[in-house]
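A.B. asks: I'd like to ask some things about the structure below.
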Amino acid sequence: MTPISKLTKLQTLYLGKNKLDNSNSNTSIFPSLPPKVKQLKVNNNSLITIPKQICIATSIEKLDLSDNNIAALPSEIGNLVSLTELVLDNNMITSLPIEIGKLSKLKVLSLRNNYIQVKSTNFTETNPQPIPEDLFTNTSIIDLNLGGNPLSNTQLNEFQGFNVFLERRKKVKDRAIHGGAMLNTSVCGLK
């Protein structure tokens with residue numbers, strides 16, 4: 001059988017429901033990825049971290065890691081410079097690393113049903129905002145899905161840089177509405 005990494009023309013790879021589990025750090029269960037993979041689905045597994053093989057695959061544009069046990073993103077997530085869509089629904093994520101702001105092409109980020117919350121919106125070095133300002137200001141994000149997190153729309157509105165995201169999103173949504181599109185204009189799925 002040919003190893004996955006040797007499938008040099010493969011652009012879409014689905015590794016969902018494979019019972020991939022990286023909770024034992026001594027075991028490398030994740031395969032090396034093909035060099036041109038653009039879409040990668042690794043949902044419905046038991047991953048607790050994002051495997052390093054993913055974080056070095058700079059050709060990935062769409063990444064789905066939903067329905068795993070991921071609690072934190074590694075700083076190496078910033079290496080995925082081609083990423084336009086990142087789906088992390090139904091994990092255990094409480095915050096994002098500042099390196100997420102390096103993903104300048106990122107347009108869609110879905111974090112539904114995680115554990116992102118704030119105790120106080122008085123953000124300091126010891127109480128940083130769980131979604132870094134750089135995500136709002138340095139990326140192209142227009143679709144941020146946060147429904148199902150213990151976070152309110154009011155709290156989110158107090159995040160540094162959030163107003164930049166709202167303005168960019170408004171411009172895109174206004175153009176689509178003027179073009180005749182019917183859009184859901186709720187903000188980030190929060191109440």
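The values are calculated or read from the model by the stated rules, or taken from the named source; none is laboratory data. Not measured: the values here are computed from a predicted model. Cβ atoms come from the backbone with ideal geometry, glycine included; neighbour counts cover every protein chain shown.
A.B. asks: What pairs come out if I take residues in segment 159-175 that are at positive phi and pair them with residues that are assigned to a helix (DSSP H, G or I) whose C-beta lies under 7 Å away, six or more apart or interchain?
C.D. replies: Between residues of segment 159-175 that are at positive phi and residues that are assigned to a helix (DSSP H, G or I), the close pairs are Gly161/Glu133; Gly161/Phe136; Gly161/Thr137.
A.B. asks: Would you confirm, using the coordinates I've provided, whether Lys107 is among the basic types (Lys, Arg), under 20 Å from Leu166 (Cα atoms), in contact (Cβ under 8 Å) with a residue 12 or more places away in the chain and in contact with a strand residue (DSSP E or B) (Cβ under 8 Å, 6 or more places away or on another chain)?
C.D. replies: yes
A.B. asks: Same structure again: Quick test for you: out of Ser75, Ser66, Ser110, pick the one residue that is farther than 19 Å from Pro132 by Cα and among the small types (Gly, Ala, Ser).
C.D. replies: So the residue among Ser75, Ser66, Ser110 that is farther than 19 Å from Pro132 by Cα and among the small types (Gly, Ala, Ser) is Ser66.
A.B. asks: Which of the following residues is surrounded by fewer than 18 Cβ atoms within 10 Å (Cβ to Cβ), at pLDDT 90 or above and farther than 25 Å from Asn91 by Cα: Asn163, Asn157, Asn153?
C.D. replies: Asn163
A.B. asks: Are there any pairs, at least 6 apart or on different chains, whose C-beta atoms fall under 6 Å, with the first in segment 125-144 and among the charged types (D, E, K, R) and the second in a loop (DSSP other than H, G, I, E, B), and if so, which?
C.D. replies: Filtered contacts from segment 125-144: Glu133/Gln160; Glu133/Gly161.
A.B. asks: Does segment 57-74 contain any residue that is among the polar types (S, T, N, Q), part of a helix (DSSP H, G or I) and modelled with pLDDT under 95?
C.D. replies: no
A.B. asks: Then there's this: Hey, can you tell me all the residues within segment 76-106 that are closer than 23 Å to Pro35 by Cβ and β-branched (Val, Ile, Thr)?
C.D. replies: Selection gives Ile77, Val81, Thr84, Val87.
A.B. asks: What's the number of the only condition in (1) within 21 Å of Phe162 (Cα to Cα); (2) surrounded by 21 or more Cβ atoms within 10 Å (Cβ to Cβ); (3) not acidic (Asp, Glu) that Ile60 fails to meet?
C.D. replies: Only one criterion in (1) within 21 Å of Phe162 (Cα to Cα); (2) surrounded by 21 or more Cβ atoms within 10 Å (Cβ to Cβ); (3) not acidic (Asp, Glu) is unmet by Ile60, namely (1).
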